[in-house]
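Q: Below: one structure in structure tokens.
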Amino acid sequence: MNPEAPIQNPGDAPALAAWLPVNVHFYSYFKELTGCADLTESLPADSSISDLLGQLFIRFPKIAPMRNSM
């Protein structure tokens, strides 16, 4: 494949990463509730912030009631 040639069809495009690492930092009260200052979550490439929060609420149930403060 010529790197200067335009991509003719999606099959010629390099594969995108299926999962992306997302760094999460907790401060103040959220740091106390989770027991950690930071972590890395892996999410599918087409995920939204809501998906990330949902995963965090499952992992750290104590922060779920604080969803309106985020």
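Please treat every number below as a calculation from the coordinates, not as lab data. These numbers come from a predicted model, not from an experiment. In this analysis, Cβ positions are derived from the backbone assuming ideal geometry, glycine residues included, and neighbour counts consider all displayed protein chains.
Q: I need the phi-derived Karplus couplings for segment 33-50: 6.51 cos²θ - 1.76 cosθ + 1.60, θ = phi - 60°, integer Hz, Gly and Pro marked x.
A: Result, rounded to whole Hz: 5, 8, x, 8, 8, 7, 7, 10, 9, 9, 10, x, 4, 9, 6, 10, 4, 4.
Q: I've got another one for you. Mind listing the phi-derived Karplus ³J(HN,Hα) values for segment 59-67, rounded to whole Hz, using 6.51, -1.76 and 1.60 with θ = phi - 60°, and x for any glycine or proline?
A: Computed from phi, the couplings for segment 59-67 are 5, 10, x, 5, 8, 4, x, 8, 4 Hz.
Q: Counting other Cβ atoms within 10 Å of each Cβ, which chymotrypsin sites (Phe, Trp or Tyr not before Pro) in segment 17-59 have at most 10 and sit in a DSSP loop?
A: Hits after loop and neighbour filter: Tyr27.
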